[in-house]
Amino acid sequence: MSAGRPEPLVDIIAGARPNFMKIAPIIRAIEARRGAGSRLRYRLVHTGQHYDQRMSGDFFEQLGIPAPDVNLEVGSGTQAEQTAGIMVSYERLLLRERSALCLVVGDVTSTMACAIAAQKLRVPVAHVEAGIRSGDWTMPEEINRLVTDSISNWFFTTSEVANANLRRAGAAPESIFFVGNTMIDTLLANLAKLREPAFWHELGLRPQGYFVMTLHRPANVDEPAAFARLLAEVGEAVRGMPVVFPVHPRTAKTLAGLPVPGSIKPVEPQPYLEFNHLVRHARGVITDSGGITEETTVMGVPCLTLRDTTERPETVSVGTNELVGTDPSRIKPHLDRLFAGQWKRGAIPEKWDGHTGERIALELERLLDAGADPR
Ligand code: UD1
């Protein structure tokens, strides 16, 4: 960066659990470049969308993320309440101290809300994990992706499919940077540190001898009778193997009062190192998350996704993921194939190599140093 000019300030936005593993490598890379003479600085803004120790604090501690410079403390609410609350508070922050760029990651409400507030003040926006699409507008995340990408200036992408989606939507090719997957940077950096959760022995877990399940999408967990049927089908299909089930707070609300088959073991939401230890050694994972399908792909663990669509098609075409759908009767045939040793082996998608954070930091520096003029 040329001396004399003010040090460009990048706002890094994080709000909900799946954001934290995505920002960690970017922060590390910016700090490393700063140590090597870069003048890029960052301000870490936590919106407070997730606020529990278990949904937020544990991740900051385990991933070595510095304490946020600012916490907007939006808390829980409806989609519109959270969006509005974050926009008002973030706008206030920008009016107090403007940044040179707003960097948002993923597809949560905080991502979209901060992108809107920044762009309206003509602070350029860069989106990490841009361009992915499920095509399913019933998911709030899909709306967040569409809105964020439609007003972002620069796009950091995880796949060629994302690049093509962005080009089709009219993004200039020179604004798209295919950098890989920051979530995988975090996974690879922490593989050697993964550790057993405290209940490992208590539940009698042994490698390849259990499943991991996570569910939080409204389609699976909001309607009690349907959720009970899903649990019963999983309980039947796993042939007596324990299913470790870290329960998301929204899922816990419906789960209370439902019959839970004996093989399903509900546990608290797990910290990062414990959760990925469980995944790494599991016979298979049953989930409706998107991010977990990327981690199972990299760890080569069979993954059954209980959704009809995915915004991460490479986890299916290249990786170990299969789309089972939301009809629970489809779980057993998939698990039968798994038990018969017929699950695909999978490979690792291009550029999911542990160096994405560095590519992003380098590009940010180049863009800001050049005084890049967003469209
Ligand atoms: C959000 C994201 C979703 C992501 C998920 C991971 C959006 C639209 N969705 O969904 O993409 O996969 O996070 O967790 O942004 N709650 C707590 N403690 C917390 C946070 C939330 O108890 O720290 C409760 C809330 O009060 C609410 C429920 O959990 O009842 C849902 O939280 P919310 O952040 O609104 O959405 P998620 O379903 O977690």
Folded to 0 to 90 degrees: helix 224-237 orientation relative to the chain principal axis, Cα: 60
Note, ³J(HN,Hα) from phi for segment 244-253, Karplus 6.51, -1.76, 1.60, rounded to Hz, x at Gly and Pro: 6, 10, x, 9, 5, x, 6, 6, 4, 4
Residues with amide H under 5 Å from that of VAL105, placed H, sequence gap 5 or more: ILE13, VAL128
Farthest toward positive dipole pole in the chain [+1 Lys/Arg, -1 Asp/Glu at C-beta], among PHE178, THR320, ALA80: PHE178
In order through segment 57-70: 3J(HN,Hα) via Karplus (6.51 cos²θ - 1.76 cosθ + 1.60), integer Hz, x for Gly, Pro: x, 4, 6, 4, 5, 5, 8, x, 7, x, 4, x, 6, 9
Helix axis angle, 140-150 relative to the chain longest principal axis, alpha carbon, degrees: 30
Cα centre as origin, Lys/Arg/Asp/Glu Cβ charges: the chain dipole, Debye: 320
ALA347-ALA219 pseudo-label distance in nm [points 7 Å out on the Cα-to-Cβ vector]: 2.9
Residue-span extension gain [ARG92 to ALA164] - 0.36 nm each, minus C-alpha spacing: 22.4 nm
Nearest 10 degrees, 0 to 90: helix 356-369 Cα axis against the chain principal axis: 20
Net lengthening on full extension, ALA67/ILE151 (0.36 nm per residue, minus Cα-Cα): 27.4 nm
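Filter the trypsin sites (Lys or Arg not before Pro) in segment 171-251 to those in DSSP coil with at most 16 other Cβ atoms within 10 Å of their Cβ, and list the result.
Loop-located and lightly packed - ARG195, ARG239.
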Cα-centred dipole magnitude for segment 192-339, charges only on beta-carbon of K, R (+1) and D, E (-1), debye, nearest 20: 300
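With a 1.4 Å probe and every protein chain kept in, tell me what percent of the accessible surface of segment 192-339 is carbon plus sulfur.
The computed percentage sits at 53.
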Close Lys-Lys pairs in the chain, where close means Cα under 28 Å and separation is 8 or more or interchain: 13
Distance in nm between pseudo-label sites at ALA80 and LYS332 (7 Å out along the Cβ direction from Cα): 4.4
Area accessible to solvent at LEU121, 1.4 Å probe radius, in Å²: 40
GLU196/ARG366 FRET efficiency (R0 45 Å; Cβ-Cβ; nearest 0.05): 0.60
Total charge dipole magnitude, segment 34-110, about the Cα centre, Cβ charges on Lys, Arg, Asp, Glu only, Debye to nearest 20: 500
Accessible surface, per residue, of segment 192-339 when the full set of protein chains is kept, probe 1.4 Å, Å²: 38
For segment 333-357 and segment 256-276, distance of Cα centres in Å: 23
Most mobile listed residue (THR186, THR297, THR138) in the chain, GNM with C-alpha springs under 10 Å: THR138
Exposure of LYS351 as accessible area (Å², to 10), given a probe of 1.4 Å and all protein chains: 70
Low-density loop positions, GluC sites (Glu not before Pro), segment 117-216 - DSSP coil, at most 11 other Cβ in 10 Å: GLU202
Segment GLU174-VAL260, extension gain: residue separation times 0.36 nm, minus the distance between their alpha carbons: 25.8 nm
Separation of alpha-carbon centers, segment 153-214 and segment 64-136, rounded to whole Å: 21
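The values are calculated or read from the model by the stated rules, or taken from the named source; none is laboratory data. This structure is a prediction, so every number in the text was calculated from the model and none was measured. Ideal geometry is used to build each Cβ from the backbone, glycine not excepted, and the neighbour counts take in all protein chains shown. Keep in mind that these areas ignore ligands, DNA and RNA; they rest on the heavy atoms of the full protein, side chains included. Shrake-Rupley method; radii C 1.70, N 1.55, O 1.52, S 1.80 Å.
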